[in-house]
1. Tell me the residue from Ala185, Ala211 that is closer than 21 Å to Phe151 by Cα, in the same structural domain as Phe151 (by TED's automatic domain parsing) and part of a helix (DSSP H, G or I), please.
2. Taking the stated definitions as given, is Ala196 within 30 Å of Ser116 (Cβ to Cβ) and surrounded by 15 or more Cβ atoms within 10 Å (Cβ to Cβ)?
3. Taking region 27-80, which residues are within 23 Å of the chain's Cα centre (by Cα) and among the small types (Gly, Ala, Ser)?
4. Need pairs with beta-carbon distance below 9 Å; first residue without any contact (Cβ under 8 Å) to a residue 24 or more places away in the chain and within region 210-230, second in a helix (DSSP H, G or I) and of a type in the set (Ser, Thr, Tyr); sequence gap 6+ or separate chains.
5. In this structure, is Ala17 within 22 Å of Tyr144 (Cβ to Cβ) and surrounded by 16 or more Cβ atoms within 10 Å (Cβ to Cβ)?
6. Where residues in region 98-133 are without any contact (Cβ under 8 Å) to a residue 24 or more places away in the chain and in a loop (DSSP other than H, G, I, E, B), which of them is surrounded by the fewest Cβ atoms within 10 Å (Cβ to Cβ)?
7. Within region 2-27, track down each residue that is farther than 17 Å from Gln132 by Cβ, assigned to a helix (DSSP H, G or I) and of a type outside the set (A, V, I, L, M).
8. For Ala194, indicate whether it is under 19 Å from the mean Cα position of the chain (by Cα), outside any loop (DSSP other than H, G, I, E, B) and touching a residue at least 40 places away in the same chain (Cβ under 8 Å).
Amino acid sequence: MGTHTYRTVLLGRGNVASHLKEALSETGHQVIPVGGRDRTQPIPTDADLYIIAVTDSAIASVAAEIGDVKGLVVHTAGSVPMSVLPQQNRGVLYPLQTFTKGRPVDMQEVPLFIESDGDLPLLREVAYHISQHVTEMDSQRRCYLHLAAVFCCNFTNHMYRLTEKMLSQHDIPFSVMLPLIDETARKVHSLSPAQAQTGPAVRWNHEVMQAQINLLEREDLRQLYQIISQSIHLDKLQSQEG
């Protein structure tokens, strides 16, 4: 890891921006936060690094406002290609983690995925200041990485939300699920997800599954139950064939 620190302009006020600002400041970088799309101050033109941490749809317009600067311009999105940036000295700094303002995250343990066709050594050095886990990855592979993260994190959390609503209708606290959630997550540290899968869909226990479907009052939830159960069972069959 290098010892240099850099003058860094941070564009964005959201979850990713707030955590990157803290991590970079702690490692000695001069961080200049200028806000997101609604900023009221000009963007400095003499920075070493410009980090665009705004919503995906705004990255291109914010990058255009930065203009042709000498510093390295990067965005932090997983599903947006590097080519959206018009600068010649450009890159991507994608942290693979779920962030919420006010909730601490150990950035040293967050995987960072970087890409640059400009000053890659600078980007790599800054990335290692933030995290111990840095990997170079091109835009095409990173899109699949982000897609996988949506399944692994966003979809999983939505299942927690549906569970919470279902339990609350019957005066059962969501907290009773926490040991199950924790053990499910712990298992895949030592087992593959295929090995860890349990439940009636694996065995295709039709009677149990149909009884549970009948308990669901909403058609969209019944369809969701059926689609996910079929996917689980199909994966089990394919694993056996393999």
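1. Numbers: Ala211 fails: closer than 21 Å to Phe151 by Cα.
From the options Ala185, Ala211, the qualifying one is Ala185.
2. no
3. Hits for region 27-80 are Gly35, Gly36, Ala53, Ser57, Ala58, Ala60, Ser61, Ala63, Ala77, Gly78, Ser79.
4. Hits for this filter: Gln212/Tyr225; Ile213/Tyr225; Ile213/Ser229; Leu216/Tyr225.
5. For Ala17, the condition - within 22 Å of Tyr144 (Cβ to Cβ) and surrounded by 16 or more Cβ atoms within 10 Å (Cβ to Cβ) - is not met.
6. It comes out as Gly102.
7. The initial filter retains those residues of region 2-27 that are farther than 17 Å from Gln132 by Cβ, namely 4-18, 21, 25.
From the residues that got through so far, the ones that are assigned to a helix (DSSP H, G or I) too are 15-18, 21, 25.
Matches in region 2-27: Asn15, Ser18, Lys21, Ser25.
8. Working: under 19 Å from the mean Cα position of the chain (by Cα): no; outside any loop (DSSP other than H, G, I, E, B): yes; touching a residue at least 40 places away in the same chain (Cβ under 8 Å): yes.
For Ala194, the condition - under 19 Å from the mean Cα position of the chain (by Cα), outside any loop (DSSP other than H, G, I, E, B) and touching a residue at least 40 places away in the same chain (Cβ under 8 Å) - is not met.
The values are calculated or read from the model by the stated rules, or taken from the named source; none is laboratory data. Small disclaimer: the values here were computed from a predicted structure and weren't measured. Neighbour counts run over all protein chains shown; Cβ positions are idealised from the backbone, glycine included.
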